[in-house]
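Below: one structure, written as structure tokens.
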Amino acid sequence: MMRSLYSGITGLRNHQTRMDVIGNNIANVNTAGYKYSRTVFQDLYSQSMGAASASTASRGGTNPNQIGLGVTLNSIDIIHTQGAAQYTGTWLDNMIDGDGYFVKRIYESDGTTPYETVYTRAGNFYLDNNDYLVDADGMFIMGYTSPVPDTPTQADLAKILIDDATYYNVKIDDKGMVSGINRGTGLVEDISQLAIATFANISGLEKAGGNNYVNTPNSGNAVYGKAGGAGVGVINPNALEMSNVDLATEFTDMIVTQRGFQANSRTITVSDTMLEELINLKR
């Protein structure tokens, strides 16, 4: 059978994958904290029809003769560039301006044993019925409830409790410090501080759904810090980070992907026509 048939099939298959990625990016154009993905192709191995040879005193060297056998997917990369800020005016909405991720956690039924820890750039937070700071799915937003060193560890993480009966006019500043006015004393008191995680290789993070990421062996373990610290961004309060999807780029890539798919389908069609002519030789 003709190699071009199978090369065309690999082209169709991988352009379908690229279209899936583009479609997901466009679907999440208004998802807070979303980071777009891109596909990168690479060629498959080539079949050698003739080896290269070195030059001699009597004859010059020759180049290799090879026929490529199609395309395959090299990688699907998550591009972690920062999205635009959208001011909301809500103190429970917070954006990281710079590097870092908010830390979220759920616990075992005992309420103290961590079950899962994830990381996010989406800072739309809420208060639950027990006055804990949570996300829309009820995962606890982690912070530091007591003074900790500039390089905290995972053991320093704690749930953020904001007692509405004790405090009012609660705010979060650019350092992630949660503070409020004590109803009894009338004084401003620090309640907690948002934990921020960074990674050696953010491209190695794995999407876990719900605007969340989990670390992988290639991302490295989370390094916990404070907003405004070394290598950590600051908090932009009363705002959310929007998706970094650029619709103009996605629509352009969609056109290129569509044309690539059409061209590969034409390769299959023409190859089939050539095979048909070959079969008709017998008639």
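We did not get these values from a lab; they are worked out from the coordinates using the rules stated. Just so it is clear, the model here is predicted, and its values are computed rather than measured. Note: ideal-geometry Cβ built from the backbone for every residue, glycine included; neighbour counts use all protein chains shown.
The mean sequence separation of alpha-carbon pairs under 8 Å and at least six residues apart, normalised by the residue count of the chain, gives a relative contact order of 25 percent. With a Förster radius of 41 Å, plug the Cβ-Cβ distance of residue 108 and residue 84 into 1/(1 + (r/R0)^6) and report the FRET value to the nearest 0.05. Efficiency computed from Cβ-Cβ geometry: 0.60. Annotation: the residues 5, 281, sorted from fewest to most other C-beta atoms within 10 Å of their own C-beta, follow the order 281, 5. Note on residue 251 and residue 74: their simple-model spin labels are 2.8 nm apart, each label 7 Å out from Cα toward Cβ. Residues considered: 158, 27, 122. Largest GNM mean-square fluctuation over the chain, using C-alpha springs under 10 Å, is found at 27.
Computed from backbone phi with θ = phi - 60° and the Karplus coefficients 6.51, -1.76 and 1.60, the 3J(HN,Hα) list for the stretch 38-52 is 9, 9, 10, 9, 9, 6, 6, 5, 10, 8, 7, 9, x, 7, 6 Hz; x is used for glycine and proline. Residues 145, 151, 112, arranged from fewest to most other Cβ atoms within 10 angstrom of their Cβ, appear as 112, 151, 145.
With R₀ set to 35 Å, the beta-carbon distance separating residue 126 from residue 188 gives a calculated FRET efficiency near 0.95. Applying 0.36 nm per residue to the separation of residue 181 and residue 278 and subtracting their alpha-carbon distance, the gain on full extension is 26.3 nm. Calculated FRET efficiency, residue 47 to residue 5, Cβ-Cβ distance, R0 = 22 Å: about 0.95 to the nearest 0.05.
Simple rule: put +1 on each Lys or Arg Cβ and -1 on each Asp or Glu Cβ in the chain, find the dipole, and look at 188, 167, 69; the Cα lying farthest toward the positive end is 69.
Directionally averaged projected area (the stretch 141-231, Cα convex hull): 7.0 nm². For percent of Cα pairs over 29 Å apart, the value calculated from this model appears in (1) 38; (2) 34; (3) 51 under label (3).
Remark: 245, 234 ranked as 234, 245, counting other beta-carbon atoms within 10 Å and listing the fewest first.
The modelled label-to-label distance between residue 66 and residue 259, using points 7 Å beyond Cα along the C-beta direction, is 2.7 nm.
Lysine pairs in the chain whose alpha-carbon atoms fall under 27 angstrom of each other, counting only those eight or more residues apart or on distinct chains, come to 18.
What percent do you get for the relative contact order of the stretch 93-185 when only Cα pairs under 8 Å and 6+ apart count? About 19 percent, as a whole number.
Distance between the 7 Å Cα→Cβ label points at residue 269 and residue 20: 2.5 nm. According to the Cα-based calculation, Rg over Rh for the stretch 1-147 is 1.27, with Rh computed by the Kirkwood formula.
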